Amino acid sequence: MNYKIGIFGSSAVEIEANSEKKAIELGRALSNHKVTLITGACSGLPYLTARYGSKNGNPVWGYSPKLDLQGQRKFTPKDDLSIYKKLVYIPKEFEFSEDEQVCKKYRNVISTANCDCGIIISGRWGTMNEFTNLYDMGKVIGVLTGTGGVADELEGLSKKIQKKSKAKIILDDSPPGLVGQIIKELNLRRI
């Protein structure tokens, strides 16, 4: 099965030294499965995971908060955009297309809606927004713990804040272990 797996996390340089290493390990673990990787077309941990996850031919789709390729190049000047098989931009007719913060949230909704599963790695408020989208949409959610940020807070928050959902949250600090559990759960949902 070719599942669409979103990678959601911090686009900033991480304080947690471990997070970059785990992002690379996560990408390598994903490259062992036939999957399409989805990101918010941002730099940082999602880009790093997608770059390594695409090594065995897995396509990467980026959901950009920009209107076109020129805007994307300015947004991620150091990233190799050739990793993306598909880049999806904000529609020019979108009422708030000139407001980058609104466009990032639009991108979050569209990217989370288009994946079968989302993986959270570290992250800040934007990643929390992606997590809540995935949860409300009833998706499989993998959380790579031990990476800092939101990822390390979600277990406690999900115990304190309860809401009925078809979502399944899987927590693991091992990238291969997390990917294995996610694939197993996605296979169960396809039966």
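Here are a few things to note about the model shown:
Okay, residues lined up against (1) crowded, with 24+ Cβ neighbours inside 10 Å; (2) within 25 Å of Lys21 (Cα to Cα); (3) of a type outside the set (Lys, Arg):
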| position | (1), (2), (3) |
| --- | --- |
| Glu98 | no, no, yes |
| Ile120 | yes, yes, yes |
| Thr127 | yes, yes, yes |
| Thr145 | no, yes, yes |
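- The residue list Met137, Met128 contains one member that is without any contact (Cβ under 8 Å) to a residue 24 or more places away in the chain and not acidic (Asp, Glu), which is Met128.
- Considering residues of region 78-118 that are small (Gly, Ala, Ser) and closer than 30 Å to Leu188 by Cα only, the residue nearest to the chain's Cα centre (by Cα): Gly118
- Residue match in region 74-93 (condition: within 24 Å of Thr145 (Cα to Cα) and among the hydrophobic types (A, V, I, L, M, F, W, C)): no
- Answer from Lys168, Lys164, Lys86, Lys160 - the residue that is touching a helix residue (DSSP H, G or I) at 6+ places or on another chain (Cβ under 8 Å) and free of Cβ contacts under 8 Å to residues at least 40 places away in the same chain: Lys168
- Subset of region 109-139 (residues that are closer than 17 Å to Gln181 by Cα, small (Gly, Ala, Ser) and in a loop (DSSP other than H, G, I, E, B)): Gly138
- Flag for Lys104 being closer than 25 Å to Leu144 by Cα and in contact (Cβ under 8 Å) with a residue 60 or more places away in the chain: yes
- Against the test of being in contact with an Asp or Glu (Cβ under 9 Å, 6 or more places away or on another chain) and more than 14 Å from Gly9 (Cα to Cα), the options Leu144, Leu186, Leu157 yield a single qualifying residue, Leu186.
- When residues of region 147-188 are limited to those that are modelled with pLDDT of 95 or more, charged (D, E, K, R) and not in a loop (DSSP other than H, G, I, E, B), the one surrounded by the fewest Cβ atoms within 10 Å (Cβ to Cβ): Lys184
- Residues that are in contact with a Cys (Cβ under 6 Å, 6 or more places away or on another chain) number at least 2 in the following strands (runs of 3 or more DSSP E) confined to region 1-108: 3-9.
- Test: Gly142 is out of contact with any His (no Cβ under 7 Å at 6 or more places or on another chain), modelled with pLDDT under 95 and not in a loop (DSSP other than H, G, I, E, B): no
- Among the residues of region 59-83, the ones that are touching a residue at least 12 places away in the same chain (Cβ under 8 Å) and closer than 20 Å to Glu20 by Cα come to 8 in all.
The values are calculated or read from the model by the stated rules, or taken from the named source; none is laboratory data. All figures in this text were calculated on a predicted structure; none of them were measured in a lab. Heads up, the Cβs are rebuilt from the backbone with ideal geometry, glycines too, and the neighbour counts pull from every protein chain shown.
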